[in-house]
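Worksheet for the structure shown next.
The values are calculated or read from the model by the stated rules, or taken from the named source; none is laboratory data. In this text the structure is predicted, and so the values were computed from the model without any measurement. Glycine also receives a Cβ, built like all others from the backbone with ideal geometry; neighbour counts cover every protein chain displayed. Surface areas here come from the heavy atoms of the whole protein model, side chains and all, with no ligands, DNA or RNA. Shrake-Rupley method; radii C 1.70, N 1.55, O 1.52, S 1.80 Å.
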Amino acid sequence: MDDSERVLALDWLRGLGVLIMLQGHLFNSLARSDLHNDAVYVLSQFAGGMPAPIFLFLVGATLAFRLDRADRGGISSFGRLNSALRRAGYLAAIAFAFRLQLWVFAWGNPWKEIFRVDILNCMALGVAVLSPAALLAPTKRITWCAAAGLGIAAAAPLISAMNWSGVPWLIRNYLIPNKEFFTFFPDAAYIAFGVSFGALLRVGEPAHDSIMQWGACLGLALVVTAHYFSNLPFSIYANSDFWLNSPGLILIRFGIVLVLAAAGYVWTAKQAPENLAFMRRLGTNSLLIYWVHVELVYGRWLWFAKGRLTIGQCAVGSLVLIAAMYGLATLNLPTRVKRQLHRVWPAVAVPETT
């Protein structure tokens, strides 16, 4: 996606997700266990639940932009479908490479860790499942993908209640809600909502102001309404866990993402792209930062600090980590790799960064 097609508010939102993710993971890995009930640690981890919905939502929006480019380029419906599936394949390849690298560097983890369902795996499956949206007209993508998101979220408690004992463990890990993994139910709902929102931005391009205003209103309404219904003493589901498979939690977080996207729009509306270098650079290099910082924070590199730092030391460490990741982002490694690949294989289209 070139600069003329980018939505600055979404780059800003992705950058915000990176900032929240970095501090959340550092606190989680390095803070002393006896401080896990400290107010600052709890706030850090509570906020740390938002980057995943943000990134999943933005992957959906990126897919919508990809399909819009294909629409405007006159590509056939099956050509668009093929483009979406290639995007899913790219994400799956990156997910496997990521888990393989972590397993190799961990020196002895069980081999099943290579197939651990991380957020990149969820992105790949979600994009693949939603790829038939490429066959729809742009306006229909808005409603159909919004409905798909609601359906995925609503089905999660039902999926949890089913008997999956005869299903291979890998399929179970991809589908059944599990706090240890990023499963299709319910996490792929954010991707579907992202496709819907991205399609709306492209279809209603002259009216971004109104879209963001109504998006913020819808987001606030979702937060209040979903919170209210989630706290009722009765439920339509026989068994539902709010932090595991509740549609209410998905809608609350989706609402927060919409509000943050609108806030990003207000923040960036009157600014030139070069004035947003810090947040944009973090956002446009989010995949590289994600990969490197997970190895750094959860790998063996900081073995001497694991579970040993105070809250203050974690705060300072978060600032150092953010600075280091920003420095890494300034190297523009993904862009350089793309340029080299285009020189070697000029006819090959290289997928944009997640």
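In this simple spin-label approximation, Trp214 and Gln271 carry label points 7 Å from Cα along the Cα→Cβ vector, and these lie 2.7 nm apart. Ranking Val337, Val297 by solvent-accessible area of protein heavy atoms (1.4 Å probe, all protein chains present), from largest to smallest, gives Val337, Val297.
Of Asp209, Asp11, Asp71, the order by accessible heavy-atom surface (1.4 Å probe, DNA, RNA and ligands excluded), from most exposed downward, is Asp209, Asp71, Asp11. Taking label points 7 Å from Cα along the Cα-to-Cβ direction, Asp38 and Ala106 give a separation of 2.8 nm. Solvent-accessible area of Ser210, all protein chains in place: 60 Å² (probe radius 1.4 Å, heavy atoms, ligands and nucleic acids excluded). Modelled spin labels at Ser77 and Phe242, positioned 7 Å past Cα toward Cβ, are 4.4 nm from each other. Between the beta carbons of Arg172 and Gln313, assuming R0 = 35 Å, the FRET efficiency works out to 0.35 to the nearest 0.05.
Across the protein chains, with a 1.4 Å probe defining accessible surface, the residues Phe78, Phe65 rank Phe78, Phe65 from largest area downward. For Ala221 and Asn163, a Förster radius of 45 Å and the Cβ-Cβ distance give a FRET efficiency of 0.75, rounded to the nearest 0.05.
Between the residues Gly151, Tyr298, Val316, the greatest Cα displacement towards the positive end of the dipole of the chain, with unit charges on the Cβ of Lys, Arg, Asp and Glu, is found for Tyr298. Distances over 29 Å make up what percent of all Cα-Cα pairs in the chain? That tail contains 41 percent of the Cα-Cα pairs. Using Cβ point charges alone (K and R +1, D and E -1), the dipole size of the chain about the Cα centre works out to roughly 720 debye. Share of carbon and sulfur in the accessible area of the chain stands at 67%, probe radius 1.4 Å. Between Ala147 and Tyr228, the contour length at 0.36 nm per residue exceeds the Cα-Cα span by 27.0 nm.
If R0 equals 22 Å, the separation of the Cβ atoms of Arg336 and Arg86 corresponds to a calculated FRET efficiency of about 0.50. Each of Leu282, Ala269, Ile250 was scored by the projection of its Cα onto the charge dipole of the stretch 186-338, and the greatest displacement toward the positive side belongs to Leu282; charges sit on the C-beta of Lys, Arg, Asp and Glu. 3J(HN,Hα) couplings calculated from phi for the stretch 95-112 with the Karplus curve 6.51 cos²θ - 1.76 cosθ + 1.60 (θ = phi - 60°) are, in sequence order, 4, 5, 4, 4, 5, 5, 4, 4, 5, 5, 6, 7, 6, x, 5, x, 4, 5 Hz; Gly and Pro show x.
For the stretch 84-94, the Karplus equation 6.51 cos²θ - 1.76 cosθ + 1.60, evaluated at θ = phi - 60°, returns couplings of 5, 5, 5, 4, 4, x, 4, 5, 5, 5, 5 Hz by residue, with Gly and Pro reported as x. Distance from the alpha carbon centroid of the stretch 104-131 to that of the stretch 240-284 works out to 24 angstrom. Using C-alpha pairs under 8 Å with a sequence gap of at least 6, the mean separation divided by the residue count of the stretch 16-98 gives a relative contact order of 27 percent. Net charge dipole, the stretch 111-227: roughly 240 debye, given to the nearest 20, about the Cα centre with Cβ charges of +1 for Lys and Arg and -1 for Asp and Glu.
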